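Presented below is the structure to which this report refers.
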Amino acid sequence: MPIPDYQTLMPPLLKAVADGQEHRIGDITERLANEFQLTQEERQQLLPSGTQTSFSNRVGWAKSYLVQAGLLETTKRAHFKITDRGLSTLAENPQRIDNEFLFRFPEFVSFRSRSRVSDSVTATAPTEATIVPTQAQTPDEIVRNTVKQIETALKKELLDRILAASPAFFESLIVHLLLAMGYGGSREDAGQIVGKSGDGGIDGIIDQDSLGLDRVYIQAKKYNRDNSVSEPEIRAFSGSLGAAKANKGVFVTTSSFTLPAQSFAERHPFRIVLIDGDQLTTLMLRHNVGVRTEESLYLKRVDEDFFSMNEYQTAGIYFRNSSNSLNLKMCPFCLAEIPAASICFKSPASY
């Protein structure tokens, strides 16, 4: 079955801690994964950031929303338990517990009202202003899908701009892209544009070493989206590689490749990599070719390590971070850095 969304996880999460005891979020996540009979692949599926599994992320958001509604409470790092409100909610045996259900609790209404982003102040009544459409996706997933939509539109615009440019510009673009991907090392003269009449089907060359003993040959075809590259063109490119005594080539097009063309490239003894229009624009975004960063957004979380420190560790961080503006000395008793004019509160002299 597909990985359940975070709202679907709310009822079983609440029931899993109905014993009133303190529970660790990792244990509950594993328990819910077993309850939903997730496969090993589904359990290990990562977010695009690669820092967390999708399932544990959704369990975390379900817990966070239930905490905001007062049905759960955090006890310590990665631990939580059910509240009296949570127990009374389970006693009601509601058909579904989701965002819409949680709006009955004023703490949750206040939380969602604060989290809303509004570009302008409207004359909506207070009770109407706090209503936020519910969704199955977590806030993380909404952000990532929004970025994906922006990138999809940008890729289409890039392809339109490439198709409107000259063939010479396209050949230059491909060489520039491969250099940006790291082919040719750090040498500025590693890439050559050789596309011209009688070029034998070779539009560019990337020297992998300074002597040119290892080369990557390039062919670039600027075709309209509905004009796919066929097998005879890949066959001709392989012949050009053979004539150049090469065994590695990259064939790039703004359109796509027919299945026979893909099959020929896969079974050919030479290493021929095919890059279609979609892959081309994806690589341009990934390696910042033809695009620039307009704005950077950072997703932040509470630093659990910081809040798990005791008062002495926190004081030590303050003193270390202030070392540029304070004259520090080392306490002979606890070896902590303290202002030279002060007495360490952990030393015998402070008692």
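Which one is farthest from residue 15 (Cα to Cα) among residues in the stretch 32-87 that are of a type in the set (Val, Ile, Thr) and out of contact with any strand residue (DSSP E or B) (no Cβ under 8 Å at 6 or more places or on another chain)? Before you say what the answer is, go through the steps one by one.
Start the filter on the stretch 32-87 by keeping residues that are of a type in the set (Val, Ile, Thr), which leaves 39, 51, 53, 59, 67, 74-75, 82-83.
Those left that are additionally out of contact with any strand residue (DSSP E or B) (no Cβ under 8 Å at 6 or more places or on another chain): 39, 51, 59.
On the way: 39: 22, 51: 28, 59: 13 Å.
Going through the qualifying residues, I end up with 51.
Within the stretch 199-249, which residues are at pLDDT 90 or above and among the charged types (D, E, K, R)?
221, 222, 231, 233, 235
How many residues are crowded, with 17+ Cβ neighbours inside 10 Å and without any contact (Cβ under 8 Å) to a residue 60 or more places away in the chain if we restrict to the stretch 9-24? Let's see the steps before the verdict.
Within the stretch 9-24, the subset crowded, with 17+ Cβ neighbours inside 10 Å is 9-14, 16-17, 23.
Okay, now just the ones that are also without any contact (Cβ under 8 Å) to a residue 60 or more places away in the chain, so 9, 12-13, 16, 23.
Total meeting the criteria: 5.
Residue by residue through the stretch 147-191, note down the ones that are at pLDDT below 85 and either assigned to a strand (DSSP E or B) or among the polar types (S, T, N, Q) (or both).
Selection gives 149, 186, 191.
Would you be able to tell me the number of residues in the stretch 50-92 that are of a type in the set (D, E, K, R) and more than 30 Å from the chain's Cα centre (by Cα)? Steps first, please.
Filtering the stretch 50-92 for residues of a type in the set (D, E, K, R) gives 58, 63, 73, 76-77, 81, 84-85, 92.
Retained after the next criterion (residues that are more than 30 Å from the chain's Cα centre (by Cα)): 81, 84-85, 92.
Selection size over the stretch 50-92: 4.
For the stretch 63-94, enumerate the residues that are under 19 Å from residue 21 (Cβ atoms) and of a type in the set (Gly, Ala, Ser).
Narrowing the stretch 63-94 to residues under 19 Å from residue 21 (Cβ atoms): 63, 66-67, 70-91.
The answer is 70, 78, 86, 88, 91.
Could you check how many residues of the stretch 62-73 are crowded, with 20+ Cβ neighbours inside 10 Å and assigned to a helix (DSSP H, G or I)?
Pass one, the stretch 62-73, residues crowded, with 20+ Cβ neighbours inside 10 Å: 62-63, 65-66, 69, 71-72.
Checking the rest, the ones that are also assigned to a helix (DSSP H, G or I) come to 62-63, 65-66.
The number of residues fulfilling the criteria is 4.
The values are calculated or read from the model by the stated rules, or taken from the named source; none is laboratory data. Only a predicted model underlies this, so the values are computations on that prediction, with no experimental measurement involved. Positions of Cβ are backbone-derived with ideal geometry, glycine not excepted, and every protein chain shown enters the neighbour counts.
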